[in-house]
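To start, the structure under review is shown below, and the notes come after it.
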Amino acid sequence: MTKHEIREAAFIILYQMETTSRTSEEIAETTAEAFDMPVNNAVLTLADNVWSKKAELDGVIGKYSPSRAVTRIAKVNLTILRIAVYELMFSDVPPKVAINEAIELTKAYADKNDKAFVNGVLNSCFKDIQS
């Protein structure tokens, strides 16, 4: 799997975790079939790592989302933001790659108007992390 495919599969799993009470492993079984998408350890690791830091990530997202409280952000966008902020803060993924991948997921899964919101939150977060 490519890194993009890993992110996309993790996004689908995390979104379902957000809307159900199922674990990543439970969701992975049905996701692989329903979306014709392979799920491997890298996918589950990313999903579980993001999920375990959900409260911290939401705090960061809230800090850089002055126009919308975290509870008011669409679940699709929030899931995308969580993955990207996790990558910005806790991984060795280059920041521009993390942001670009988030924008690509937004284009594929969110409303077209949400791209600017996601990009704005992530750019603000990145600038603050860099300083």
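The values are calculated or read from the model by the stated rules, or taken from the named source; none is laboratory data. Note that the coordinates shown come from a computational prediction; the quantities given were computed from them, not determined experimentally. Note that we place each Cβ from the backbone using ideal geometry, even for glycine, and neighbour counts take in every protein chain shown. In case anyone asks, the SASA skips ligands and DNA or RNA and just uses the protein heavy atoms, side chains included. Shrake-Rupley method; radii C 1.70, N 1.55, O 1.52, S 1.80 Å.
What to note about this one:
- Enumeration of residues in region 1-19 that are under 15 Å from Asn77 (Cβ atoms) and without any contact (Cβ under 8 Å) to a residue 60 or more places away in the chain: Ile12, Thr19
- Pick from region 49-77, criterion outside any loop (DSSP other than H, G, I, E, B) and of a type in the set (Ser, Thr, Tyr), ranking: least open to solvent (accessible area, probe 1.4 Å): Ser52
- Selected residue [aliphatic (A, V, I, L, M), without any contact (Cβ under 8 Å) to a residue 60 or more places away in the chain and more than 21 Å from Gln130 (Cα to Cα)] from Ala47, Ala102, Ala98: Ala47
- Subset of region 24-48 that is over 18 Å from Val76 (Cα atoms) and assigned to a loop (DSSP other than H, G, I, E, B) - its residue that is most open to solvent (accessible area, probe 1.4 Å): Asp36
- Index of the failed condition, Asp111 passing every other in (1) assigned to a helix (DSSP H, G or I); (2) loosely packed, with under 13 Cβ neighbours inside 10 Å: (1)
- Against the criterion of being closer than 20 Å to Met17 by Cβ and buried (at least 21 other Cβ atoms within 10 Å of the Cβ), Tyr86 qualifies.
- Index of the failed condition, Asp48 passing every other in (1) in contact with a helix residue (DSSP H, G or I) (Cβ under 6 Å, 6 or more places away or on another chain); (2) of a type in the set (D, E, K, R); (3) under 19 Å from Ala110 (Cβ atoms): (3)
- Odd one out for Tyr15, checked against (1) open to solvent by 40 Å² or more (accessible area, probe 1.4 Å); (2) more than 23 Å from Ala116 (Cα to Cα); (3) hydroxyl-bearing (Ser, Thr, Tyr); (4) assigned to a helix (DSSP H, G or I): (2)
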